[in-house]
Amino acid sequence: MNTIYEGPYYLYDMHLLDETVKEAQASALKHNCNLYYAIKANNENTILEVIRKKGMGVDCVTAEEINHALKNGWSNSEIVFAGSGKTIREIEYAFQSNIKCIHCESYEEWEVISQIRRRYPKSSTAVALRINPDLQVDTHEKISTGEKHHKFGMSFSTALQIISKDSSIIGFHVHVGSQVLDMEYFESLSLRMRELISHLPSTFQLRYLNLGGGLGIDYTQPERNSMPDFNGWMRAIRTHLPVEIIETISLEPGRSVVGQCGKLIGEVQYIKNLDFHPLAILDIGMTEILRPALYGARHKITVSNDQLISMKYTVSGPSCESSDTFGGDYDLPILSRGDLVTVHSCGAYASSMQLRYNLRRPIPSKYQYRKILTQLKKREKALVA
Ligand SMILES: Cc1ncc(COP(=O)(O)O)c(C=O)c1O
């Protein structure tokens, strides 16, 4: 795509998105899974259209996300709602909207949900309990969610207490963390859930089991590994939870669906020669991709100029924070002011996390359809012939 640079933007490869959603759905079909896309990862309308049209449901964290999903064409029965601090307004909205399921996070929240539910006897919205499985996974501590000390979910004993009082509970939800690449963790989760299920009273009918998202993507070699291992993920999930135990398993992929299809394009503003290393300051940073500043995440950065010699740079953003940096040791061709820079793997948790800090302006998105259009043209030609 040849565009004259008019400022930073997100660039989405819609062909890759299409292929990724197809791959995820094919794996889901094979392993009897239902997918609910975690809309927090990316909530842009153009992206959502592709995901919805391919038949995924949607996982929301706020009433605003539910509303956004409804406006983007999802039907109420395709929406699930998690969130560790749901307000009364949000719970009311969920019941009023007749969404599929609320994932309740604690005993205290269950009490609030139960009170509100009495006011909506005709609502078709069900309630499931989010379990904290106390499982450690190998990911950044800031995106790990399934250990005892984390704020998410309730212990299994609390869940047992609730189901002894509330026969309407349909099942369980769990999410152990994000950017998990080692399938053994999903196998352990599968085993843990099987164990817990085996302790349910015989009167309890398990109608719903949602094991969250978390499948990671390759941030170091995004072009080589642009397709996440959906099949391996679902196979691992099914290791100890075969269809004989639970017919359908729900999952909530976010990052793995959209992460690799997006890039962030910016420009080198200044090169500063600090004592030890050169520093490239860009017109993009933590306000457009928060992950590096938030938890030291590393994104691949490339530059195409005609320089043959490369050197190590620290690459930073323009915001008034020392943490606004992509990090050091980026091996890049000798940079000059005005060079265009691509930050890879920015489809997930980038545009949806944009900040207005320093009153930075939200940046636009551009969508590349080239390959899809070529295919359509080929198909049209074939039909005419
Ligand atoms: C409950 C829940 N489900 C799904 C997701 C999506 O996770 P990921 O983007 O890693 O697939 C998250 C991420 O935070 C989550 O908290």
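Here are the numbers:
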| item | result |
| --- | --- |
| Candidate set from segment 238-251 (those that are more than 13 Å from the ligand (Cβ to nearest atom) and among the aliphatic types (A, V, I, L, M)); member that is nearest to G317 (Cα to Cα) | I249 |
| Entirely in segment 163-264, the helices (runs of 4 or more DSSP H) that have 2 or more residues that are closer than 19 Å to K148 by Cα and among the aliphatic types (A, V, I, L, M) | 183-198 |
| Identity of the residue in segment 70-95, part of a loop (DSSP other than H, G, I, E, B) and touching a Leu at 6+ places or on another chain (Cβ under 9 Å), that ends up surrounded by the most Cβ atoms within 10 Å (Cβ to Cβ) | W74 |
| Out of D283, D275, sole residue that is more than 16 Å from the ligand (Cβ to nearest atom) and either modelled with pLDDT under 95 or of a type in the set (K, R) (or both) | D275 |
| Output for segment 45-64, where each listed residue is more than 15 Å from the ligand (Cβ to nearest atom), within 16 Å of the chain's Cα centre (by Cα) and more than 23 Å from E288 (Cβ to Cβ) | R52 |
| The one condition in (1) modelled with pLDDT of 95 or more; (2) buried (at least 17 other Cβ atoms within 10 Å of the Cβ) that L29 fails to fulfil | (2) |
| Options N67, N42, N34, N98; residue that is part of a loop (DSSP other than H, G, I, E, B), away from the ligand (no atom under 13 Å from the Cβ) and not charged (D, E, K, R) | N98 |
| Flag for G338 being surrounded by 15 or more Cβ atoms within 10 Å (Cβ to Cβ), more than 17 Å from V258 (Cα to Cα) and at pLDDT 95 or above | no |
| Test result for M227, within 24 Å of I39 (Cα to Cα), in the same structural domain as E108 (by TED's automatic domain parsing) and more than 13 Å from the ligand (Cβ to nearest atom) | yes |
| Criterion (touching a residue at least 60 places away in the same chain (Cβ under 8 Å) and either in contact with a His (Cβ under 8 Å, 6 or more places away or on another chain) or within 16 Å of the ligand (Cβ to nearest atom) (or both)) met by exactly one of G266, G296 | G296 |
| Segment 1-31: number of residues that are outside any helix (DSSP H, G or I) and not hydrophobic (A, V, I, L, M, F, W, C) | 11 |
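Rundown of residues vs (1) within 10 Å of the ligand (Cβ to nearest atom); (2) surrounded by 15 or more Cβ atoms within 10 Å (Cβ to Cβ), yes/no style:
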{"residue": "M154", "(1), (2)": "no, yes"}
{"residue": "G177", "(1), (2)": "yes, yes"}
{"residue": "P201", "(1), (2)": "no, no"}
{"residue": "R207", "(1), (2)": "no, no"}
{"residue": "Q221", "(1), (2)": "no, no"}
{"residue": "P253", "(1), (2)": "yes, yes"}
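The values are calculated or read from the model by the stated rules, or taken from the named source; none is laboratory data. Everything quoted here is computed from the prediction, not taken from an experiment. Glycine also receives a Cβ, built like all others from the backbone with ideal geometry; neighbour counts cover every protein chain displayed.
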